Amino acid sequence: MMRSIPKAITVASCLTLLACPANEVTDTSGEDETSAGLPIAGSDGDPDDSRFEPVPGGLRRLLRHHYVGSIRYLLGDEAAAAAAPPEDYPLHGFDAIGAAELALQASAIEQCETSARAVATAAAGHRERLATFVPCVNEAGPDASCYAAVAAEFGRLAWRRPLGEGEVTTLVRIAEDARAWGDSFAVGLEYELMALLQSPHFLYMIELGEPDVDAPERRRLTGLELAARISFFLLGRTPDAELLAAAEAGELETEAQVRAAAAAMLRRPEARATLTNFYSELFLLRDLPTISKSAELFPQFSPALAGSMAQETLHLIDQIVWEQDGDIRGLVDSEFTFVDAALAELYGLPAPDGPGFHAVALPAEQGRAGLLGQASFLARFAHPAMTSPTRRGQFIRTRLLCGIILPPPPGVDTHLPPDDPDKPQTMRDKLQKHMSDDTCAGCHRSMDPLGLTLENYDALGRYRTLDNGLPIDAAAVTDDLGEFAGARELAAVLAADPRTAACVIKNFVRGGLGHLETFGELPALDVLEDRFVTGGHRVQSLLVDLVASPLFRAVAAPR
């Protein structure tokens, strides 16, 4: 049964820790202004300093997977299982942008408190992980000095920087008040952990920076801020003790040091999990279990099949990025994929030998190619009973080419004309209204042809040659991409388009750093794109280059 919380502890004590004045946050680095600045203009691959302008620094709330991953590292599996942080709310299509720009509602703040309490209770009852950082918590009869050790040693890891004397004193007072009330060391430990985990210093990434001696008009992230940003970006969790120690020792100052740290992180299993999470968000694979399909038309559709669809795409990404360290454009134009028994049946392929997923060549007669021929994309961007060339085209425009599609004007009728059983029409026929209407044509002419060339795949991703009993015409053309017919030709066009490579980089900035790219960042983005292209479009190398870039390591003054 949950104890009621003493008002004196939760209100009088915790409010001090939850306050986060900007001058107090800025002065926590302990680093002087004589440390090395960012690479100067003219260094290897660095943008012209006179043109590059970083985005303002600030605070970003931890995403749910950041929060849970950090709790797992800090306090163990039991505590991570108890964690229940607020939901993420995307903005401009990305959770990270929402976390940077949207304020928490009152209910979400209460959820932070509830989660902190559940995590602290689990951690106080299972102290094995905490004891690796603060051994005294598992000693017989620990005294008040152990509360101070928790504040100083564990607090440094949780808040990603050393705590001041006053902060340690406040935490110890909370713990001692709770111990006096609950009559046990465990109760005091529980409330001390609750206070640490409810603080903005844990819940937010603080990225305010310090003056850059080599470029006074901008700021550079402090060593500790940079350690946190790299770790959350590549590993999806708070930096470990070793990385914090390296930052405090000045070992994240040079480009070479940052590159070495990033490359080492990419060899960890958490890096694969973080990339999986990124692509699950980017391609909306995480939505697949929630989509619906007509039971009459698609009786084989089920949550299990939806899960297989997502796993197919993730297996292909894993193969290209990690096993091959290859060209990520293969995700668009690959002629092979991974199927289990359910997907093999969906695609009309022989059942694989054995359970699980197996690599198979795509059937040439179906014209499938990479993501554009996978059910994860084709089913997600379709209606329950019919295809949606517009949805499919919008996805390609916005997520693969990073174009901007404006919402339809107010009052526009977006419905397709009703079916006439005496005059059957293909989807191409039905979309002619949107393609010819001046109010709609501007956007639909850029989106719909991309989806119409994929009409050989129904709303579940099955191959077909007829639509409503009529032959499917997969030929299409757009002003910017030219002519193409079918998934393979479209995939070839997209793979050759330089916007596809640039979009890979922009998506990592948006989904990893929590902002839309700005005009001032274009010089740094151009350098990253040049390296990405000349390096063979390899994601692992791109991630290292991005972390070492001024775009990642510099900020402007906070707003």
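The values are calculated or read from the model by the stated rules, or taken from the named source; none is laboratory data. These figures come from a predicted structure and were not determined experimentally. Neighbour counts are summed over all protein chains in view; Cβ atoms, including those assigned to glycine, are modelled from backbone coordinates with ideal geometry.
Points worth noting:
- Of the residues making up the stretch 351-361, those that are more than 19 Å from Tyr457 (Cα to Cα) and either among the hydroxyl-bearing types (Ser, Thr, Tyr) or surrounded by fewer than 12 Cβ atoms within 10 Å (Cβ to Cβ) (or both) number 4.
- Residue satisfying condition, being closer than 29 Å to Glu225 by Cβ and acidic (Asp, Glu), within set Glu113, Glu128, Glu78: Glu113
- Within the stretch 174-228, being over 25 Å from Glu242 (Cβ atoms) and charged (D, E, K, R) holds for Glu176, Asp177, Arg179, Asp183, Glu190, Asp212, Asp214, Glu217, Arg218, Arg219.
- Some residue of the stretch 299-311 being under 22 Å from Gly511 (Cα atoms) and either basic (Lys, Arg) or assigned by TED's automatic domain parsing to the domain that holds Phe233 (or both): no
- When each of Glu78, Glu87, Glu113 is tested for being outside the structural domain of Leu284 (by TED's automatic domain parsing) and assigned to a loop (DSSP other than H, G, I, E, B), the lone residue that passes is Glu87.
- For the stretch 515-540, a residue qualifies if it is surrounded by fewer than 20 Cβ atoms within 10 Å (Cβ to Cβ), under 21 Å from Ile320 (Cβ atoms) and free of Cβ contacts under 8 Å to residues at least 24 places away in the same chain, and the qualifying residues are Thr534, Gly535.
- Restricting attention to the stretch 482-507, the residues being surrounded by 14 or more Cβ atoms within 10 Å (Cβ to Cβ) and free of Cβ contacts under 8 Å to residues at least 24 places away in the same chain number 1.
- Any chance Val477 is among the β-branched types (Val, Ile, Thr), outside the structural domain of Ala228 (by TED's automatic domain parsing) and within 30 Å of Arg268 (Cβ to Cβ): no
- Flag for Tyr147 being out of contact with any strand residue (DSSP E or B) (no Cβ under 8 Å at 6 or more places or on another chain), part of a loop (DSSP other than H, G, I, E, B) and aromatic (Phe, Trp, Tyr): no
- The residue of the stretch 65-102 that is nearest to Phe395 (Cα to Cα), among those that are hydroxyl-bearing (Ser, Thr, Tyr) and buried (at least 24 other Cβ atoms within 10 Å of the Cβ), is Tyr67.
- If you go through the stretch 299-350 and keep only what is over 22 Å from the mean Cα position of the chain (by Cα) and among the charged types (D, E, K, R), you end up with Asp333, Glu335, Asp340, Glu345.
- For Arg173, the test of being in contact with a Leu (Cβ under 8 Å, 6 or more places away or on another chain) and in contact (Cβ under 8 Å) with a residue 12 or more places away in the chain is failed.
- Taking the listed residues Thr254, Thr276, the one that is among the hydroxyl-bearing types (Ser, Thr, Tyr) and over 21 Å from Val321 (Cβ atoms) is Thr254, with no other qualifying.
- A count restricted to the stretch 516-543 and to residues that are polar (S, T, N, Q) and more than 20 Å from the chain's Cα centre (by Cα) stands at 1.
- The one condition in (1) touching a Leu at 6+ places or on another chain (Cβ under 9 Å); (2) within 30 Å of Arg61 (Cα to Cα) that Leu460 fails to fulfil: (2)
- Screening the stretch 169-213 for residues that are assigned to a helix (DSSP H, G or I) and among the charged types (D, E, K, R) and picking the one that is farthest from Pro54 (Cα to Cα) gives Arg179.
- Residues of the stretch 201-220 satisfying the condition of being more than 27 Å from His66 (Cβ to Cβ) and in contact with a strand residue (DSSP E or B) (Cβ under 7 Å, 6 or more places away or on another chain): Pro211
- Selection from the stretch 214-238 of residues that are at pLDDT 95 or above and either among the acidic types (Asp, Glu) or part of a loop (DSSP other than H, G, I, E, B) (or both): Leu221, Thr222, Glu225, Gly236, Arg237, Thr238
- Residue in the stretch 423-442 that is at pLDDT below 90, assigned by TED's automatic domain parsing to the domain that holds Gly373, crowded, with 21+ Cβ neighbours inside 10 Å and not in a helix (DSSP H, G or I) present: yes
- In the stretch 261-333, counting only helices (runs of 4 or more DSSP H) that sit wholly within it, the ones holding 1 or more residues that are of a type in the set (A, V, I, L, M) and under 24 Å from Pro352 (Cβ atoms) span 303-318, 330-333.
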